[in-house]
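Working notes, beginning with the structure itself.
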Amino acid sequence: MDDDKRLEAFQAKIDREEKIEPRDWMPEDYRKHLIRQISQHAHSEVVGMQPEGNYITRAPSLRAKVVLLAKIQDEAGHGLYLYSAAETLGITRDELLEQLHGGKAKYSSIFNYPTLNWADIGAVGWLVDGAAIVNQVSLQRTSYGPYSRGMVRICKEESFHQRQGYEIMADMAKGTPEQKAMAQDALNRLWWPSLMMFGPHDADSPRSGNALKWKIKRETNDELRQKFIDKTVQQAEVIGLTIPDPDLKWNEETGHYDSGEINWEEFYNVVKGNGPCNNQRLTHHKRAHDEGAWVREAANAYAKKQLEKSKVA
Amino acid sequence: MSSDNQFPQWEVFIQSKTGLPFKHAGSVHAADSEMALQNARDLYTRRMEGTSLWVVPTDSIVASNPDDSGSFFDPSNDKIYRQPTHYVMPEGAKNI
Ligand SMILES: [Fe+2]
Ligand SMILES: [Fe+2]
């Protein structure tokens, strides 16, 4: 079959809502787009452990501590599910890490913002995991089989993440005036970066054409962002916090909230590496990786020895 | 196999309940089979997803080629004698 015919068959398969599997023929751009998107997603899960990991030793109660530990362990798992999916496309784990450390692969910019206090841990679970869930629920229907299956697994685990965050926020919002102020402050700082998680406006996102045609993405950035806003406004009201957007208004006609414009200058600035924590996050990841080298060497040496022993026996 | 410093790759299969077939879950990296099993447990069964695990070196899997799937999985519709309805049962016979 020539490539035109293959491409036609490929598109027809996607249009029939059939999944593409690792050994199926696929256009090189489809493979590239997936590797970029899945690896960025994987790196986000892993780097995303850092702002929360900071608080394991500072959680205000034993319950809060075990919850946070379990949540962070899940995120490590999400990273691994996604690396596993990316590897089915022919890229190795080493290459994936190299691309992260070399700055070629990105991770979500939200993790380049600091977590300043316990309220931020609540806001991260509520807003950041909340935004991630909206995106991931949609990606369960992505056209690439291994990615889709990874998303199904992840979505099952995510709902407790958002709930634990929202619970923290709710508790603080009904606490002392100082606690409530902390919760409001965390919402003020993390609201806009959370909206930025969905990426540029549709009109400004050049790659989304193919991604939608190939059903890698099932909904556009703006559609997903709108879903998140519509869900979250009511949740803020219930706990007595105010979304920091003076232009936020229910629109009877569209059945959605209208909202103010995002500061895109800030967004691109953080993507470019100038956010408050870009350097810290990457440096920490490299250091953790380097410091683990001896463990990998020891495990390899042990495996080799066991193999030799079994040959002798 | 990518094993420079990330260990060889293993495919993970989970049996969710005794009596049910094993189902592919994903992959892990591990230096040896014991570590592969432990990593698979930690990664894929944190919420009672399974009662039993298989790990298989990814390299050991032999897969059919999707390009041949047409002829390879030909349903053999002409071989209708594979279907129970092909056979004529005597009038009145029960439980067959
Ligand atoms: Fe996650
Ligand atoms: Fe999460």
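The values are calculated or read from the model by the stated rules, or taken from the named source; none is laboratory data. Here the structure is a predicted model, which means the values were calculated and not measured. Backbone-built Cβ (ideal geometry, glycine too); neighbour counts: all protein chains shown. Surface accessibility is based on the protein's heavy atoms, side chains included, excluding ligands, DNA and RNA. Shrake-Rupley method; radii C 1.70, N 1.55, O 1.52, S 1.80 Å.
Think of the protein assembly as shown as having a plus end and a minus end, set by charges on the Cβ of Lys, Arg, Asp and Glu; of A:ALA70, A:GLN280, B:ASN95, B:ASN95 sits farthest toward the positive end of this dipole. What you get for the stretch A:153-274, charging only the Cβ of Lys and Arg (+1) and of Asp and Glu (-1), is a dipole of about 720 debye around the Cα centre. For a straight C-alpha distance cut-off of 15 angstrom, the aspartates and glutamates reachable from A:LYS106 (same-chain residues fewer than eight places away being disregarded) are A:GLU45, A:GLU95, A:GLU98. Qualifying GluC sites (Glu not before Pro) in the stretch B:31-96, where qualification requires a DSSP coil assignment and no more than 16 other C-beta atoms within 10 Å, comprise B:GLU49, B:GLU91.
Expressed as an acute angle from 0 to 90° and rounded to the nearest 10, what is the orientation of the C-alpha long axis of helix B:33-44 relative to the principal long axis of chain B? It works out to around 80 degrees. For the stretch A:60-109, the list of trypsin sites (Lys or Arg not before Pro) that fall in a loop by DSSP and count at most 16 other C-beta atoms within 10 angstrom reads A:LYS104, A:LYS106.
A:LYS104 sits among other residues whose Cβ lies under 13 Å from its own Cβ, and their net charge, with Lys and Arg +1 and Asp and Glu -1, is +1. Summing Cβ point charges (Lys, Arg +1; Asp, Glu -1) relative to the Cα centre of the protein assembly as shown gives a dipole of roughly 1280 debye. Only one residue of A:ILE110, A:TYR147, A:MET26 has its Cα farthest out toward the positive end of the dipole of the protein assembly as shown, where Lys and Arg carry +1 and Asp and Glu -1 on Cβ, and that residue is A:TYR147. Our estimate of slack between A:LYS309 and A:ARG23, defined as 0.36 nm per intervening residue step minus the Cα-Cα distance, is 99.3 nm. Relative to one another, the C-alpha centroids of the stretch A:212-231 and the stretch A:73-111 are positioned 22 Å apart. For the pair the stretch B:54-96 / the stretch A:128-157, the C-alpha centres are spaced 34 Å from each other. Only beta bridges with both residues in the protein assembly as shown are counted; by DSSP, about 95 percent of them are antiparallel.
For the stretch B:1-67, the set of chymotrypsin sites (Phe, Trp or Tyr not before Pro) satisfying both a DSSP loop assignment and a count of at most 14 other C-beta atoms within 10 Å is given as B:PHE22. Think of chain A as a dipole: +1 on every Lys or Arg Cβ, -1 on every Asp or Glu Cβ, centred on the Cα centre; then among A:GLY125, A:ALA59, A:THR92, A:THR92 lies furthest on the positive end. Partner lysines whose Cα lies under 18 Å from the Cα of A:LYS227, excluding those fewer than 8 positions away in the same chain, are identified as A:LYS217, A:LYS249. Remark: for residue pairs A:LYS71/A:LYS231; A:LYS286/A:LYS309; A:LYS71/B:LYS17; A:LYS180/A:LYS231, the C-alpha separation exceeds 28 Å in A:LYS286/A:LYS309. Normalised by the number of residues in chain A, the average gap of Cα pairs under 8 Å and 6 or more apart makes the relative contact order 18 percent. Taking all protein chains as they are arranged and a probe of 1.4 Å, the heavy atoms of A:SER138 leave approximately 10 Å² accessible to solvent. Accessible-area rank, largest first, for B:ILE80, A:ILE262: B:ILE80, A:ILE262, with all protein chains present and a 1.4 angstrom probe. Dipole size of the stretch B:1-60 about its Cα centre, with +1 on Lys/Arg Cβ and -1 on Asp/Glu Cβ: approximately 420 debye, rounded to the nearest 20. For the set A:THR92, B:THR51, solvent exposure ranked by accessible area (probe 1.4 Å, protein chains only) runs largest to smallest as B:THR51, A:THR92.
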